[in-house]
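Derivation of every value follows stated rules applied to the coordinates shown; laboratory data play no part. Predicted model, so just to flag it, every value in this text is computed and none were measured. Cβ atoms come from the backbone with ideal geometry, glycine included; neighbour counts cover every protein chain shown.
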Amino acid sequence: MNQQKNEGIIEMNQGSDRNVQDAQREIMKLFQGLSREIPVVLFTQPGVNEMFNDYAKQAIRFFRQTTDKIVLREYRLDHEKAAEYRVTHSPTILFDPDNCHVRWLGAPIGEEARIFLELMLLLGSRDSGLTDDTRKILNRMDSKRHVKVFISGSCPYCPQQAMNALRAAIEKPGLISVELVDTQANPDLAEKYSAQSVPQTYADEILIAKGAQPEELFALSLEKMEQQTIFIPESDAKEVETDLLVVGGGPAGLTAGIYAARSGLNTVVVERGLLGGQVATTPVVENYPGLKQVGGKTLVDIMVTHAMEYVQIFPGEEVLEIETGEPLIVRTNRRKFITRSLLLATGAVHRKLGIRGEERLAGHGVSYCSTCDGPLFKGKKVILVGGGNSAVTEALHLKNIGVEVTLVHRRDEFRAQSVLINRLAEYGIPVLLNTEVKDITGDHKVESVVLYNNKTNETSSVPAEGVFIAIGYDPEVRLANIAGLELTSDGFIRHENYRTNVPGIYVAGDVVGGFKQIVTAAGQGAGAAMVVFEDLMNPFWKHHQK
């Protein structure tokens, strides 16, 4: 049992089944460069949160076996040290409390283990690793900030936002303090702050961010004390020259990068958000050839690891400008790319219901990611809206983790595969067909939903503590509009054999429509890369111009 717990603790986003000893050897190599001791103080209280107390002790013990730089002290909550450090929750971990202000309410398990590992590296080197642009923003701040980041071990987005806060605290230890709050270990705090969607970030009790952000946007949100949506650098970033720039780090983009590089093209991939796109938040994938059943995050890890053997990936970079011509000039929030060709694999974004209460209660019971937020609703009643494969898969996932879920679909039958539909009955998941959600109500969090039966015209109010929305996606065509690409009547990017109306710009994946499947997106990425290679060797548009 202990080894199983340890294996959960050391799952460092690599998706592997290596044993504990192998993982410790790998981490030991990373820790060889640590130059400073890392004092760690653990507070626990017997009989309170025992499972998380145990996880915290095992996690710290695991990492201590990889380096002698971690110095641990342990106290109970009734010890005078707890009062001195104002510790009230068990477990709580303080990191080098005499030199910086970082604490963790919970235990580093699942996705959170990555945070713990990176934090040890930061504390051992005292190098925040922040970009110059981020440092400039932090240097403008002249007052203290206390940051709370609500996280969960099942959330793949959380490590990015947590590390944004931790790097800021390492960079400005006298100005920024950080408290990481595990919502599963501290449901009382999650309830108090209505943090029913993670990650959520507060500064001085003010909500400044929902979701993960590029580090510059985090710093800007921290400075302005409200969520920021765009960051424009004060000066030009460094230039990168390449044959092919792929925008989008999902299956289409990553596959395109692999095939283009293997064809001899100097290729880079830029991704503004989470690598893997929608796949990263899919609980279980059962239709990817060669893998009978695999977690979406694990599949993404495999793809990213493979792609990194061939291409350089620039995560957390958002494309701001595209100048067409030969070459193409692409500016992101960090640098300028000079490229011979551009492939847009920007995918699609969650479609919204567009009803009252949806925007207002987003992050307070309204969610678009069952993998991220599902564990917060264990034992609670929720409504899941949708009728496709994603909706049914997410309903099954929620039921499996102990959520009382009801599936609502506006049509008289599902669009999902029959094997998934049959499992709804097997799992005993209630289904409401011909039913639409018309309103989501609640003062500070979801309390009920208004349902309308479009067959009987009856309206009813149903108690619910959460609403998960899985009704599909809209193509992400912002960059297509910037570049002047033609769109179809359905809003997707028009193309012919992956070529757009602008020479040198290509498309692949969900942004072009068709079957929204991982395998088809990957296939399109491969096809697009081969077309790019052929065109760069023998540009078709030059022949057309003669």
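A few remarks follow.
- Gain on full stretching of the segment that runs from N287 to V462 - 0.36 nm per residue minus C-alpha separation: 59.5 nm
- Radius 15 Å from Cβ of E309, net charge of other residues (Lys, Arg +1; Asp, Glu -1): 0
- Segment 366-469, relative contact order [Cα under 8 Å, separation at least 6], %: 31
- Summing Lys and Arg as +1 and Asp and Glu as -1 over all other residues whose Cβ lies under 12 Å from the Cβ of D373 gives a net charge of +1.
- Subtracting the Cα-Cα distance of D132 and R86 from 0.36 nm times their residue separation leaves 13.1 nm of extension gain.
- Efficiency of FRET from Cβ geometry, E241 and K29, R₀ 22 Å, rounded to 0.05: 0.10
- In plain terms, the residue of V450, V247 with the fewest other Cβ atoms within 10 Å comes first and the most crowded comes last, giving V450, V247.
- Overall form of segment 2-224 per C-alpha gyration tensor (a/c, 1.5; a/b vs b/c): rounded
- Applying 1/(1 + (r/R0)^6) with R0 = 22 Å to the Cβ-Cβ distance of T441 and D474 gives a FRET efficiency near 0.30.
- Contact order for segment 2-224, expressed relative to its length and based on alpha carbon pairs under 8 Å spaced 6+ residues apart, stands at 20 percent.
- Euclidean distance between Cα centres, segment 82-114 to segment 224-284, Å: 33
- Placing +1 on the Cβ of every Lys and Arg and -1 on the Cβ of every Asp and Glu, with nothing else charged, gives segment 347-447 a dipole about its Cα centre of roughly 80 debye.
- In the chain, helices alone account for a calculated mean residue ellipticity at 222 nm of -9500 deg cm²/dmol, with every DSSP H run of four or more residues adding -39,500 (n - 2.57).
- Two-site label geometry, I206 and E326: point separation in nm, points 7 Å out along Cα→Cβ: 5.2
- Gyration tensor (alpha-carbon) shape descriptor, segment 366-469, a/c threshold 1.5: oblate
- Likely footprinting exposure, R340, R356, fewest C-beta neighbours within 10 Å first: R356, R340
- A Förster radius of 41 Å combined with the Cβ-Cβ distance from N99 to I338 puts the calculated FRET efficiency at roughly 0.40.
- Extension gain, S418-E226: 0.36 nm per intervening residue step, less the Cα-Cα distance, totals 64.6 nm.
- Three-way shape call for segment 251-307 based on the alpha-carbon gyration tensor, with the a/c threshold at 1.5: oblate
- The relative contact order of the chain comes to 12 percent, based on Cα pairs under 8 Å that sit 6 or more residues apart.
- Exposure proxy shown here: for C372, C100, C155, the number of other Cβ atoms within 10 Å sets the order, fewest to most, as C100, C372, C155.
- Over 19 Å apart at the Cα level, from the set K136/K172; K81/K148; K192/K399, are K81/K148; K192/K399.
- Charge sum, other residues only, whose C-beta stays under 9 Å from A203's C-beta, Lys/Arg counted +1 and Asp/Glu -1: 0
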